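Notes follow once the structure below has been shown.
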Amino acid sequence: MKAIVLLSGGIDSTTCLAQAVASYGKGSVRALSFEYGQKHSNEIKNAAAVAAHYGVPLTIAKVDSQIFMGSDSTLLKGGGDIEHKSYADILEERGEGTVDTYVPFRNGLMLSQAAAFAYSVGAGSVWYGAHADDAAGQAYPDCTPDFYQAMDHAIFTGTGCNVNLYAPLIEMNKAGVVEMGLSLEAPYELTRSCYEGHDAQCGLCGTCRDRIVAFKLNGVKDEAAYEVEIDWEVK
């Protein structure tokens, strides 16, 4: 086994899975998804559809939602309303720092379990889809290069130098991620980026807005469903 890919069912993780399968073949890749009390838990269905598309096994694990008790993250069930603004606008208004949808150390918790899973099944790497737009302004500090490097060191050391962490998108923006995925024919029509947890993507939350802009910049219409009508022309 070559790689465990964290697969949320979104664009970034799907691009990682496409890269891993292209690099190693589907027989050497497994996908890992997490339930952690997120509002958009229906993303697991998207992850399953993407995994099935590539013919790779999917394991669904859990992070106990009690860990986040007391968190005011709007991404979690029972949290407040998710802001319908772009991340750039939020950071411009508030300055640097975590955004409302940041879940405390979520990626660290997931990656720790993924490392244990990788070691257990003989995989030499864990892949996750952190990219530059999520790291900007410390909006999601567990997507930054500093975090990635520290976790890579911890995982490598903690598994007896048997497992590495790999973040192939870490220096790309969202448009670059989509460009790479399109070149790999990633099945973006099966994916979901929206944090609202509705049947179709809301088209208004930060992740939806970033997704829409990324497709526009690539001159491609997103075939995934939205609740609102989108003008796909770049202006």
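The values are calculated or read from the model by the stated rules, or taken from the named source; none is laboratory data. As the structure is a computational prediction, the values presented were derived from the model and not from experiment. Here Cβ is always computed from backbone atoms with ideal geometry, including for glycine, and neighbour counts include all displayed protein chains. Just the protein is used for accessible areas: all its heavy atoms, side chains included, with ligands, DNA and RNA removed. Shrake-Rupley method; radii C 1.70, N 1.55, O 1.52, S 1.80 Å.
Quick look at the numbers
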| quantity | calculated |
| --- | --- |
| In Å², nearest 10: area of Ser41 left accessible to a 1.4 Å probe | 50 Å² |
| Residue order for Val220, Val56 - accessible surface, 1.4 angstrom probe, largest first | Val220, Val56 |
| Listed residues Pro104, Gly124, Val177: farthest to the positive end of the dipole of region 37-195 (Cβ charges) | Gly124 |
| Local net charge near Val21, Cβ-Cβ under 13 Å (Lys/Arg +1, Asp/Glu -1) | +2 |
| Candidates per trypsin sites (Lys or Arg not before Pro) in region 153-234, loop by DSSP, up to 12 other Cβ within 10 Å | Lys221 |
| For the chain, calculated [θ]222 nm from helices alone, where every DSSP H run of n ≥ 4 adds -39500 (n - 2.57) | -11500 deg cm²/dmol |
| Estimated FRET transfer efficiency (Met1, Glu223; beta-carbon r; R0 30 Å; 0.05) | 0.40 |
| Set of lysines with alpha-carbon distance to Lys85 below 20 Å, sequence-local pairs under 8 removed | Lys39, Lys77, Lys174, Lys216, Lys235 |
| Per-residue SASA entry for Asp64, accessible area with 1.4 Å probe, Å² rounded to 10 | 80 Å² |
| Rg/Rh ratio calculated on Cα atoms of region 36-147 (Kirkwood radius) | 0.98 |
| Local net charge near Tyr36, Cβ-Cβ under 15 Å (Lys/Arg +1, Asp/Glu -1) | 0 |
| Net charge, Ser193 excluded, C-beta distance under 11 Å - Lys, Arg +1, Asp, Glu -1 | -1 |
| Total charge dipole magnitude, the chain, about the Cα centre, Cβ charges on Lys, Arg, Asp, Glu only, Debye to nearest 20 | 880 debye |
| Region 1-49 shape via C-alpha gyration tensor axes, a/c threshold 1.5 | prolate |
